Amino acid sequence: MPLAFESQSHGTIAFGFFNIESDMLLLDQNFFFATDFCEVICDMLAVQDGVVSEFPLSAWLIEDSAGIGDLHGGISGTHYSGFIGETYKKYPFPEEAFKFKQQTRGFKTRDDFVKIILAFGTPIELILHQNHEMEWVTVGSYVFSQASFSQLLNYVIRGGYPGWLDDTAPDYVLKMQEAIALNRSSTHY
């Protein structure tokens, strides 16, 4: 489930996983895969302190809320509107509450989610931009303090809400977490 996070540019925004069967994340009106996001973060962490760096992230933009859809309606199975609704038609919310865990195999549904989002969204490239000295990170037009951006990363590390199945993150998340730990002394992540 996406949660509310503070940005410096857009105020409170939604960020997170929205269907446990996919590793796709939403950032307000933007959608991208966690596998790609984690890889970009690893690349960002490899850059030396004080250097301004930019990294592209493939994404999709859905500009209107009707195109995004109704998360709660999709989860409940009562209203399958927009992109999110279509994902819940294909991958319904589990009937048993104990099965509500973010799947580590979510990257395997990537082709299905791409096919669905192409009917609702426009492919875009989000640029992630960092500057350690000024302590900010941007994702497209969204500006985050290092502390707020760290909260986004921690959300992905723990598998959002409800967390990773069996409390075990997939390899791409573990790789990002290792990169964060190796760079902790030089960054605020």
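Residues that are touching a helix residue (DSSP H, G or I) at 6+ places or on another chain (Cβ under 7 Å), open to solvent by less than 30 Å² (accessible area, probe 1.4 Å) and not in a strand (DSSP E or B) were ranked within the range 120-156; the one that is farthest from ASP70 (Cα to Cα) is LEU153. Considered as a group, the residues in the range 76-103 that are in a loop (DSSP other than H, G, I, E, B) and farther than 21 Å from ILE117 by Cα include one that is most open to solvent (accessible area, probe 1.4 Å), and that residue is GLU95.
When the residues of the range 22-36 are filtered to those that are in contact with a Pro (Cβ under 9 Å, 6 or more places away or on another chain) and either part of a helix (DSSP H, G or I) or more than 21 Å from VAL143 (Cβ to Cβ) (or both), which remaining residue is most open to solvent (accessible area, probe 1.4 Å)? Ranking the candidates gives THR35 first. In the range 10-19, the residue that is nearest to THR87 (Cα to Cα) out of those that are surrounded by fewer than 22 Cβ atoms within 10 Å (Cβ to Cβ) and in contact (Cβ under 8 Å) with a residue 60 or more places away in the chain is GLY16.
Restricting the range 57-75 to residues that are of a type outside the set (A, V, I, L, M) and part of a loop (DSSP other than H, G, I, E, B), the residue that is most open to solvent (accessible area, probe 1.4 Å) is GLU63.
The listed residues are GLU54, GLU39, and the only one of them that is in contact with a His (Cβ under 9 Å, 6 or more places away or on another chain), under 18 Å from THR138 (Cα atoms) and open to solvent by 70 Å² or more (accessible area, probe 1.4 Å) turns out to be GLU54. Among the numbered conditions (1) touching a Pro at 6+ places or on another chain (Cβ under 9 Å); (2) within 30 Å of ALA179 (Cβ to Cβ), the only one that TYR91 does not meet is (1).
The values are calculated or read from the model by the stated rules, or taken from the named source; none is laboratory data. What you see is a predicted model, and the numbers here were worked out from it, not measured in a lab. Glycine also receives a Cβ, built like all others from the backbone with ideal geometry; neighbour counts cover every protein chain displayed. SASA here: full protein model, heavy atoms, side chains in, ligands and nucleic acids out. Shrake-Rupley method; radii C 1.70, N 1.55, O 1.52, S 1.80 Å.
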